[in-house]
Structures are given as structure tokens and as C-alpha cells.
Amino acid sequence: MPNTIALAKNYTDLLDEVYKGASVTADLTSDSTLIRQGANVNEIIYPHLSVTGLGDYDRNSGYTRGAVDLQWKTTTFNYDRGTKLVVDTMDDEETFNIAFGLVGSTLQREKVAPEADAFTFATLAGIDGISKLAAATFANGQEFLEALLEAKNTMDEDEVPEEGRILYATPTLLNSVMALDTYKSREVLAAFSIKRKVPQSRFYTAIDLLDGKSTGEELGHYKKSATGKDINFMIIHKPALIKWDKHTASDVIPPSINADSDGYISKYRKYGIVDVYKNKLAGIYLSHKA
């Protein structure tokens, strides 16, 4: 049994490394110390603080009395997905341990990471009140840079701090800037602390999460929703976001303790949340195609 435990521990560490390397939204994960349990176990709460402004100072009566308004907002977890993969012992042995040996990393790289990214972007894109550019398809890098400048102006006027803004855009758009004057392109892109290329296949305003069991959805994963639009770019101010995995389970079960079959089992489950603080909606900016 000690050998089994050691194998599971080492394998889990490897999977974490693969996932972080494949995901483009890992930068957005919230600090777990800021997350607080709500009244129900499927909820988290966060403080929403506001104060009144300055008033006239009177030399006789002194200060105008202000007020503090502190409210606790509640939001619920909105992501609960998982899968169980089984590989027969002989299938694994007769493929030189490739059949099961590559299961975990392949699942993380090809399914877990893309779905996590797609869910994050689609969820944020569907939140009412975020900043949006009129739907457009950019013909070249110059139009893309002009749209970025407009987005920057909007966020500046809304007093969103420049520090912590992350630019997510399709590889086609970011690469199109390479054909432009170096100085001009660098000046606009330098306004973003981090720039990430997002494959269009992960970049939609709405997706459908396939349940893995209904007719036509047996393969699981996700697909672009019928109402979804292709996203050009998103600018996300990380402090505006709530992105946290409350529970992640990644287990490897050997055939010796598999009660159902003589096969290796790889289980994976992730339970978490993607949301925006209601007083920081200006920290999300979206541009999508018509």
C-alpha cells in the first residue's frame, strides 16, 4: 500500500503542473484568504463598502456627519464538473503503460484547461453591467489597436487602476500587431501588465457544458452555444474577479482496490466559482464579433 500512496501523490503533482501550463486563465485565480463561507455551504460572501462624500465644514458646528454603508453580498458556486476514466490492466500493459500513463496529462491539457478557460470567459461575458465595445470584426491590426485604445479610455474614465489589467485576445489579433509600426504597437500594448493569446475555440460569449450522458453529449466537454459570439478580446482587472476552486479531486486508483473491474481508474472533479464583484463591473471589458 505505501507504493500506491506514493504513486498517487507524485501523479497528482504532475497533473497540477500540466494544467497550469495549458490554462490561459490561471492568472485570474483569487486569493483564497479573501473567500468566506456563506450561510449555506454552496455560497460565499464578500463585503460591499461605500461611504458618503465630503460636505461643507462649518467653523461653528464643525464637520458634516457622513455615513458608512457596509453590506454583505452573497454569490453561489456555479461550476461542478468531473469524469472517471478506466483503463484495463492488460490494455495498459500491452501498450507499454501508455494507455493509462498518459490519461491524466491528456485530460488536463485537452479537456480540463480549455473548458475552464471557456467557462471563465463565457461567464464573464454574460454578466450584466460590464463594459462592452460595439460588435465588430477587425480587418487588420490597426483597427484592433484603435479598439484597444477606446477600451483603455473607457476603463481610465471609469477609474479602473491600470495595474492588474490583463489583456486576453485571439492569436490572430495579437499577431496582426506585429505587422505594424513597432513603436505605436508597443505603446498601446504596454498599458497591460499581462497579455495572453486565447485560441478562438475557448473564446465565446456563451457555451453549453455537455453532460456526458445525454444523447449527442456522450463525449462531454463543451461547445459554442447557439447564441454565443466569437470574442475578439477581453480586458480583465484581476481584483474585480472572484475565481476560486473550493474543491479539486484528482485520484488514481490501482486495479488491486478497484471493486468493479481489473483496471486503473483516474478520477477528476472540480467545484468552483467564476463571478465579478458587483461594485467592480467596470473592471471587465468585452469586444466580440457581430
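For Thr64, what is the net charge nearby, where nearby means another residue's Cβ is under 9 Å from its Cβ and Lys, Arg count +1, Asp, Glu -1?
Local charge sum for Thr64: -1.
With the crude spin-label approximation of a point 7 Å out along Cα→Cβ, what separation in nm comes out for Ser50 versus Ile257?
For Ser50 paired with Ile257, the spin-label model returns 5.3 nm.
Along Cα→Cβ, 7 Å out, is where each label goes; now give me the distance between the ones at Ser201 and Arg65 in nm to one decimal.
Each label point is offset 7 Å from its Cα along the Cβ direction, giving 6.4 nm.
What number comes out for the charge environment of Tyr79, summing +1 per Lys or Arg and -1 per Asp or Glu over other residues with Cβ under 11 Å away?
Once all neighbours under 11 Å are counted, the net charge is +1.
Assuming R0 = 41 Å, can you tell me the calculated FRET efficiency for the pair Thr182 and Lys132, based on Cβ-Cβ distance, to the nearest 0.05?
Taking R0 as 41 Å, the efficiency between Thr182 and Lys132 is 0.85.
Could you list Arg65, Arg202 so that the one with the fewest beta carbons within 10 Å of its beta carbon is first and the one with the most is last?
So the ranking, lowest neighbour count to highest, is Arg65, Arg202.
Please report, largest first and rounded to whole Å, the three semi-axes of the ellipsoid equivalent to the stretch 67-187, where each semi-axis is the square root of five times an eigenvalue of the C-alpha gyration tensor.
Result for the stretch 67-187: semi-axes of 40, 26, 12 Å.
Using 0.36 nm per residue, how much length does the chain from Asp158 to Asn140 gain when fully extended, once their Cα-Cα distance is taken away?
Full extension from Asp158 to Asn140 adds 3.7 nm.
Please identify the helices of the chain, taking whole runs of DSSP H, that span at least 20 Å along their own axis as judged from the Cα atoms and have a mean Kyte-Doolittle score of -1.0 or higher.
In the chain, the long hydrophobic H runs are 2-22, 141-157.
Could you work out the local net charge near Glu162, counting Lys and Arg as +1, Asp and Glu as -1, over the other residues with Cβ closer than 13 Å to its Cβ?
Residues close to Glu162 contribute a combined charge of -2.
Could you tell me which of rounded, prolate or oblate describes the stretch 134-178, using a ≥ b ≥ c as the square roots of the eigenvalues of the alpha-carbon gyration tensor, with rounded for a/c under 1.5 and, failing that, prolate when a/b is larger than b/c and oblate otherwise?
prolate
Computed from these coordinates, which is Rg and Dmax of the Cα atoms in Å: [x] 23.4, 92; [y] 18.6, 58; [z] 19.1, 68?
Answer by label: [x].
What translational diffusion coefficient, in µm²/s and rounded to a whole number, does the Stokes-Einstein relation yield for the stretch 152-290 at 37 °C and a viscosity of 0.692 mPa s, taking the hydrodynamic radius as the Kirkwood radius over Cα pairs?
It comes out at roughly 178 µm²/s.
What is the calculated FRET efficiency for Leu102 to Thr29, with r their C-beta to C-beta distance and R₀ = 35 Å, to the nearest 0.05?
0.85
Nearest 500 deg cm²/dmol is fine: what mean residue ellipticity at 222 nm does the chain get from its DSSP H runs of n ≥ 4 alone, each adding -39,500 (n - 2.57), divided by its residue count?
-8000 deg cm²/dmol
For the chain, set up a GNM with springs between Cα atoms under 10 Å and report which of Ala169, Ala226, Ala122 has the largest fluctuation.
Most flexible of the set in this elastic network: Ala226.
Please identify the trypsin sites (Lys or Arg not before Pro) of the stretch 109-165 that satisfy two criteria: DSSP loop assignment and at most 14 other Cβ atoms within 10 Å. Which are they?
none
Working out 0.36 nm times the residue gap between Lys289 and Thr215, then minus their Cα-Cα distance, what length gain in nm do you get to one decimal?
That works out to 23.6 nm of additional length.
With an 8 Å cut-off on Cα pairs and a minimum separation of 6 or more residues, tell me the relative contact order of the chain in percent.
26
May I ask you to sort Ser32, Ser261, Ser105 by Cβ crowding, counting other Cβ atoms within 10 Å and putting the fewest first?
Taking fewest neighbouring Cβ atoms as first place, the list is Ser32, Ser261, Ser105.
Throughout, read-outs are computed from the coordinates displayed, never taken from laboratory work. Owing to the predicted nature of the structure, the values given are computational and were not obtained by experimental measurement. So basically every Cβ, Gly included, is an ideal-geometry build from the backbone, and we count neighbours across all protein chains shown.
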